[in-house]
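Participant: Got a structure for you, questions after.
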Amino acid sequence: MKSPLLSLPGAVPAEGVDEGVAAHYGDLFREQRALADGTGCVDLSHRGVVAVTGEDRLSWLHLLLTQHVSELPAGEATEALILSAHGHIEHALYLVDDGTTAWAHVEPGTQDELIAYLESMKFFYRVEVADRTADLAVVHLPAGSITEVPQDVVVRETAYGRDLFLPRAQLEEYMAKAGPPVGLLAYEALRVEHHQPRLGFETDHRTIPHELGWIGTAVHLQKGCYRGQETVARVQNLGKPPRRLVFLHLDGSEVHLPAHGTELRVADEGPDGRKIGFVTTSVRHHELGPIALALVKRNVPVDARLLAGETAAAQEVVVEP
């Protein structure tokens, strides 16, 4: 679904899974500074939107999600995961309930598979699941923004800003009034700065929540049973995850950023040393320079100098070894 904002002067389309919205509007660092200062807005209209209605919606979702949502207050934002039977992450949902409907935005293109799973789990519960992507667009306002939110628009507010579930027909008009448009690359740069994992970027087919620091924020350890809970409990109580998320400061003299999947090695072992992880997301930050998130083996020393391909990298701990 192509955003109308791609017709704005200077708009450069994003690629890959983020195709359909702008990567930037001609000045990446200006756009980052705007977000950091609490101004501007980000077009996230390519993300999927799922709505769950019915009087059993929260108690039902509570049985399926990693998060405690059975008593979720209206207007309170949360995030949750859906795991496989083996505890691997399959879906990430960014949720808010408005008192009658539970709303979630999800990664682009994942809503169909998510809805199919939810539909298969309805049984006798009084719930209805709907794909609202065609008529609602997600728009992000940064923390500190004083931009007015239209009446009757559902808002998901967190420490990092507000996500609006805006009628898609109002997207172009609202963005014109809401301040300078900010591209997805600026939004991603701040995500990396804040060490926030993203499904499909920091995850692969075998990622478990402990590896990414999603315990606590998206996984509630004292709630009832859900699919994959045995793995979560076993790792939490008896062991450690096999990998851990790290934050990387990359060598600023390199022209190109290491791509997603670039192999990581310990620098002292040279470019032919053993593989100890891979880059998940790399960005250029307006203050920090080139930075990245990466997954490494848990036993990699926290002070080890790394190589991302041929690029030198210094690590900061995100998930404790």
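The values are calculated or read from the model by the stated rules, or taken from the named source; none is laboratory data. What you see is a predicted model, and the numbers here were worked out from it, not measured in a lab. Cβ: placed from backbone, ideal geometry, glycine included. Neighbour counts: every protein chain shown. To get the accessible areas, we keep the full protein, side chains included, count just its heavy atoms, and leave off ligands, DNA and RNA. Shrake-Rupley method; radii C 1.70, N 1.55, O 1.52, S 1.80 Å.
Participant: With the contact rule set at Cα under 8 Å and sequence spacing of 6 or more, what percent relative contact order holds for the chain?
Facilitator: Result for the chain is 18 percent.
Participant: Still on this structure, please answer the following. Work through the residues other than Val232 whose Cβ is under 12 Å from its Cβ and net out their charges, Lys, Arg +1 and Asp, Glu -1.
Facilitator: Surrounding charge for Val232 is +1.
Participant: Full-extension gain between Leu8 and Val317, please, as 0.36 nm times their residue separation minus the C-alpha to C-alpha distance.
Facilitator: 107.3 nm
Participant: Residues with beta-carbon under 14 Å from that of Leu63, excluding Leu63: net charge, scoring Lys, Arg +1 and Asp, Glu -1?
Facilitator: My count for the surroundings of Leu63 gives +3.
Participant: Another question, if that's okay. For the chain, what is the calculated [θ] at 222 nm in deg cm²/dmol (nearest 500), taking -39500 (n - 2.57) for each run of four or more DSSP H residues and dividing by its residue count?
Facilitator: -4500 deg cm²/dmol
Participant: Also, quick follow-up: Ranked highest first by average number of other Cβ atoms within 10 Å, how do 263-274, 169-180 line up?
Facilitator: Per-residue mean Cβ counts within 10 Å order the peptides as 169-180, 263-274.
Participant: Would you mind counting up the charge near Phe124? Only other residues with Cβ under 15 Å from its Cβ, with Lys and Arg at +1 and Asp and Glu at -1.
Facilitator: Once all neighbours under 15 Å are counted, the net charge is -1.
Participant: Indicate the gyration tensor shape class of segment 93-139 (rounded, prolate or oblate), computed on the Cα atoms with a ≥ b ≥ c the square roots of the eigenvalues: a/c under 1.5 is rounded; otherwise a/b larger than b/c is prolate and the rest oblate.
Facilitator: It is oblate, given that a/c is not under 1.5 and a/b is not larger than b/c.
Participant: Quantify, in whole percent, the carbon and sulfur part of the accessible surface of segment 132-270 (1.4 Å probe; protein heavy atoms only).
Facilitator: Its accessible area is 51 percent carbon and sulfur atoms.
Participant: Give the accessible surface of segment 20-118 per residue, rounded to a whole number of Å², with probe radius 1.4 Å and ligands, DNA and RNA excluded.
Facilitator: 33 Å²
Participant: Something else about it: Rounded, prolate or oblate: which one fits the chain, using the alpha carbon gyration tensor with axes a ≥ b ≥ c (rounded when a/c is under 1.5, else prolate when a/b beats b/c, else oblate)?
Facilitator: oblate
Participant: What lysines could a cross-link reach from Lys297, if we take a straight Cα to Cα line under 25 Å and drop same-chain neighbours fewer than 8 places away?
Facilitator: Leaving aside lysines fewer than 8 places away in the same chain, those within reach of Lys297 are Lys240, Lys275.
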